[in-house]
């Protein structure tokens, strides 16, 4: 099953009319029509309203909400409302409340406040999902089901301890296998009974917080267990819905590169991927782009939904900057350029109270239509209406892949040594950014992906090597492709045990190198890499060549002159590159551009660093080129090919001048 079929890009967002009188609904729908809003996500936090007691269900308000949406011709993404338990459930079943990392049983409050192993939670949540599906499966407004909301968080209670032990039995089979996987002969940890195993927390294996653990294997498995425990909650609600509604697609809103949950384990169970885009403050545009491509990669390149973004500002951070004029339009078209088939907001009307009352909204507290935010939202709605179905279902014809691996993320950041200053996402983003700013379309893939369709595979910080990945990377290079790996790759197996082999483990034959030692230095220390006119930081692996050639070397210390970047020619004209240190962004850019140039993958505007390009191909074979100007000044270009801008209707011949406004966008249908 795929995303809902629509005639245009669904446009709208989170709507909470249960907070308002129906007179306000009248005003909202009038403004929705003016803004071109056709899709509402409703019921996300309505559990205490729709089930005010253990055996009492009341759908009166929700009935009116959906009836009004249908009467206005709007579609609904209907949430099950199970992300925040109602107060009566927490009081009646205290075990529903989570136990935190420090071992404290929480009392009722906030959201994401349920234990995923609680039978009471599971029973009530699935019954709620079933009642909703039974009631609304054939509703004319229903587009899709939205289960829960932004799953996340871990619990360390006794119920989770029991569930973890059962999960471990399924995964490892025997205690002997588990003891070997976790290397429990270290520090006298060998287990002789399953009940001896405790969840890894501040009271057991950890110190100085969740990233400092004496036994990486158990902490790694607890993250996997938590991913599966929350996934099982999702699947239970999904099954309850499916008993009444086999047709409408089901999703939940993910959060891009979100460390606590391995979304690749979720991907097979989602009918379509959707996510909430709230990039870090002052992040370069490639950070949200990475999130978009990661979400597209969950379903092997299928389009996704942008389920949430702010129309103006967030409210959850210490400082919450405002989007400048034009930035909302630019962010929306960036999502579409990377594969979004829907663009929705949080929120449509601002809440009057609680912690999100100052969060950005299409409609503010005064309900005005003459604010800048509303005018920009309405203008964007008009553009999306004109665009129609032109981009729906289009895929990205990428020839470059970037391997993204949650297990490597966890294992690298749990590791004692070489440096806790290395952050997996920073390393991955640096190489993604280099490829995207060079104009390459990039698929962000799991380690299990079919690599046969790619000319270039980037594998930064691929700390853990699982299954036959090393052989499949060798196959890419053997047929003439290029694989690029970096420092701290190929270090551990699936259980986080070091390989009994030269670093980088199974990648060593492909890379043509051996690493015996590595140096780690404080954050402020910089090592020179003269051949690249670059700086390096954090970790400096000392490389011995076993077939590779040096491309760049370290400039100082006793290992000055030894390789910092290598290339190994392999197979039928293929190349394997290894970067043994954390290069600065200009250094990463230089290396990645050399790799892309070899395969003709530099984009036509690679010299315009603030211009983002992305390609999509429609099901009919029409090629679309998106141009996104991330600068506050105009971008003056020369048209690389003849095209028609779908947003303006203007035709431009190859070689003619092409100008984008500050924060401007063009969607070019190539001729």
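Only the coordinates and a few stated rules stand behind these numbers; no lab work does. The model shown is predicted, which means the values in this text are computed figures rather than measured ones. So basically every Cβ, Gly included, is an ideal-geometry build from the backbone, and we count neighbours across all protein chains shown.
Computed quantities for the displayed model
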| read-out | value |
| --- | --- |
| Value of D in µm² per second that Stokes-Einstein yields for region 354-398, Kirkwood Rh from Cα pairs, at 25 °C (0.890 mPa s) | 187 |
| Residue order, fewest to most surrounding Cβ atoms within 10 angstrom, among 20, 167 | 20, 167 |
| Relative contact order (%) - criterion: Cα under 8 Å, at least six apart; region: region 611-670 | 39 |
| Projected-area average for region 572-618 over all orientations - Cα convex hull basis, square nanometres | 5.2 |
| Value of Rg to Rh for region 1-104 (Rh from inverse mean 1/r over Cα pairs, i.e. Kirkwood) | 1.08 |
| Translational diffusion of the chain, µm² s⁻¹ [Kirkwood Rh, Cα pairs; Stokes-Einstein; 37 °C; 0.692 mPa s] | 124 |
| Pairs of Cα atoms farther than 16 Å apart, region 443-492, % | 34 |
| Distance histogram in 5 Å bins (all Cα pairs of region 94-159, percent per bin) | 3, 16, 21, 20, 14, 11, 8, 5, 2, 0 |
| Computed label-point distance, nm, for sites residue 71 and residue 497 using a 7 Å Cα→Cβ extension | 6.7 |
| Relative contact order for region 396-461, counting Cα pairs under 8 Å that sit 6 or more residues apart, in percent | 61 |
| Fraction of alpha-carbon pairs over 17 Å apart in region 251-328 - percent | 47 |
| Using alpha carbons only: equivalent-ellipsoid semi-axes of region 9-59, gyration tensor based, whole Å | 26, 13, 6 |
| Values of log10 I(q)/I(0), in the order q = 0.11, 0.14 Å⁻¹, for region 231-363 under a Debye, Cα-only, solvent-free model | -0.44, -0.69 |
| Computed Kirkwood radius, in angstrom, where 1/r is averaged over Cα pairs of region 68-218 | 18.2 |
| Along each principal axis, Cα extent of region 64-110, largest first, Å | 50, 22, 12 |
| Order of 553, 213, 33, 41 - criterion: other Cβ atoms within 10 Å of each residue's Cβ, fewest first | 33, 553, 213, 41 |
| Contact order normalised by residue count of the chain, Cα under 8 Å, 6+ apart, percent | 11 |
| Translational diffusion of region 454-533, µm² s⁻¹ [Kirkwood Rh, Cα pairs; Stokes-Einstein; 20 °C; 1.002 mPa s] | 153 |
| Kirkwood-based Rg to Rh ratio, region 163-291, C-alpha trace | 1.06 |
| Over region 615-671, equivalent-ellipsoid semi-axes from the Cα gyration tensor in Å | 20, 13, 9 |
| Surface/4 of the Cα convex hull for region 392-548, nm² | 10.5 |
| Surface/4 estimate of mean projected area, convex hull on alpha-carbon atoms of region 158-220, nm² | 4.1 |
| Rg over Rh, two decimals, region 344-480 (C-alpha only, Kirkwood Rh) | 1.14 |
| Sorted by Cβ density within 10 Å, fewest first, the residues 408, 643, 636 | 636, 643, 408 |
